[in-house]
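The values are calculated or read from the model by the stated rules, or taken from the named source; none is laboratory data. This is a predicted model, so every value here is computed, not measured. All Cβ positions, even for glycine, are placed from backbone atoms using ideal geometry, and neighbour counts span all protein chains on display.
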């Protein structure tokens, strides 16, 4: 879908100070989009800061070696975040995913802009630029940089390539289009190195992660005559394997390798008495609708939600909803 960037370009041309934010536990699309946009804005002489509701997982540290992305309430205060001309939120339209940053968005005097590609959406106010046909928010940031006439430098190319490659499952998900591949090619020309980035993203796992993976996959549950498969991860699993919640990244995708499955999910008990649930579905199963029932959202084939309470309580709510989804 062709986007008219003219309103945002005018906002960018007319202002000097920008704050960029994304969702809780920012993934490579969130962090990469922030870093790519920051680089584009700075190439135009703008002042840019990045603040999120939580830190990115350690496996993404290579994208942000200088620690540009701050955590609200720790390395940047809410008042500091409000002190800007424009606040741009990327890769989410959900209040539930913004947490303390959401309070900044609600109370800031700055102009607000949202750039996103997810189907699920809350009204965050301000200018909303959304393209649900884009494979990743990183695609949109690349197109914005081009519309601005900003140079895509090597660090930005690396960040945006990771954003797109991870959100497309390394270009294997149905969201991947010729547009996606054309942008990826231009990012390679700008300095992104796919073989290096793949290794940094997927070939640097700890022994603790591998122990956790074996433990969790060992109690895989298949339901609904093989149409549904799911995994659970408890705090005890992390303790006994020496792993951390970030070590569950992409584990749910392994479940969809089972022939005959229409959908899968993983329920992960968090340290703060909540349960993070990641949903995945094949082309004919809309898991975003399920996630929305629990205050989450996402894409038709990939979505998530965070539920309060214990793992058993979350499973008692999520399992019937997923059984209904594949019935």
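Mind listing whichever residues of the range 272-286 are out of contact with any helix residue (DSSP H, G or I) (no Cβ under 9 Å at 6 or more places or on another chain) and closer than 20 Å to residue 97 by Cβ?
272, 273
Assess whether residue 212 counts as being out of contact with any strand residue (DSSP E or B) (no Cβ under 9 Å at 6 or more places or on another chain) and farther than 29 Å from residue 327 by Cα.
Criteria not met by residue 212.
In this structure, is residue 109 over 22 Å from residue 51 (Cβ atoms) and in the same structural domain as residue 34 (by TED's automatic domain parsing)? Walk me through it before giving the result.
Values: over 22 Å from residue 51 (Cβ atoms): no; in the same structural domain as residue 34 (by TED's automatic domain parsing): yes.
No, not satisfied.
Scan the range 10-29 residue by residue and report those that are within 26 Å of residue 167 (Cα to Cα) and surrounded by fewer than 24 Cβ atoms within 10 Å (Cβ to Cβ).
Residues satisfying the conditions are 24, 25, 27.
Scan the range 85-97 and tell me whether some residue there is over 21 Å from residue 144 (Cα atoms), surrounded by fewer than 18 Cβ atoms within 10 Å (Cβ to Cβ) and free of Cβ contacts under 8 Å to residues at least 60 places away in the same chain. Walk me through how you get there before you give the answer.
First pass over the range 85-97, keeping only residues over 21 Å from residue 144 (Cα atoms): 94-97.
From what is left, the residues that are surrounded by fewer than 18 Cβ atoms within 10 Å (Cβ to Cβ) are 95-96.
Applying the additional criterion that residues be free of Cβ contacts under 8 Å to residues at least 60 places away in the same chain yields 95.
There is at least one residue in the range 85-97 that is over 21 Å from residue 144 (Cα atoms), surrounded by fewer than 18 Cβ atoms within 10 Å (Cβ to Cβ) and free of Cβ contacts under 8 Å to residues at least 60 places away in the same chain.
Given the conditions (1) at pLDDT below 95; (2) closer than 20 Å to residue 103 by Cα; (3) in contact with a helix residue (DSSP H, G or I) (Cβ under 9 Å, 6 or more places away or on another chain), report the number of the one that residue 55 does not fulfil.
(3)
Look through the range 246-275, keep the residues that are surrounded by 18 or more Cβ atoms within 10 Å (Cβ to Cβ) and in contact (Cβ under 8 Å) with a residue 60 or more places away in the chain, and return whichever of them is nearest to residue 215 (Cα to Cα). Outline the logic, then answer.
Step one: list which residues in the range 246-275 are surrounded by 18 or more Cβ atoms within 10 Å (Cβ to Cβ), which gives 247-249, 251-252, 255, 261-269, 275.
Adding the requirement that they be in contact (Cβ under 8 Å) with a residue 60 or more places away in the chain leaves 249, 262-263.
Working: 249: 15, 262: 23, 263: 21 Å.
If we take residues in the range 246-275 being surrounded by 18 or more Cβ atoms within 10 Å (Cβ to Cβ) and in contact (Cβ under 8 Å) with a residue 60 or more places away in the chain, then 249 is nearest to residue 215 (Cα to Cα).
Take the conditions touching a helix residue (DSSP H, G or I) at 6+ places or on another chain (Cβ under 8 Å) and touching a residue at least 40 places away in the same chain (Cβ under 8 Å) and apply them to residue 200. Does it pass?
Values: touching a helix residue (DSSP H, G or I) at 6+ places or on another chain (Cβ under 8 Å): yes; touching a residue at least 40 places away in the same chain (Cβ under 8 Å): yes.
Judged against the criteria, residue 200 is a match.
Which of the residues that make up the range 20-45 are in a helix (DSSP H, G or I) and in contact with a strand residue (DSSP E or B) (Cβ under 7 Å, 6 or more places away or on another chain)?
Going residue by residue through the range 20-45, those that are in a helix (DSSP H, G or I) are 28-42.
Within the range 20-45, 30, 31, 33, 34, 37, 38, 41, 42 qualify.
Of the residues 217, 187, which is surrounded by 14 or more Cβ atoms within 10 Å (Cβ to Cβ) and in contact with a helix residue (DSSP H, G or I) (Cβ under 8 Å, 6 or more places away or on another chain)? Walk me through it before giving the result.
Values: 217 fails: surrounded by 14 or more Cβ atoms within 10 Å (Cβ to Cβ).
Checking each option against the conditions leaves just 187.
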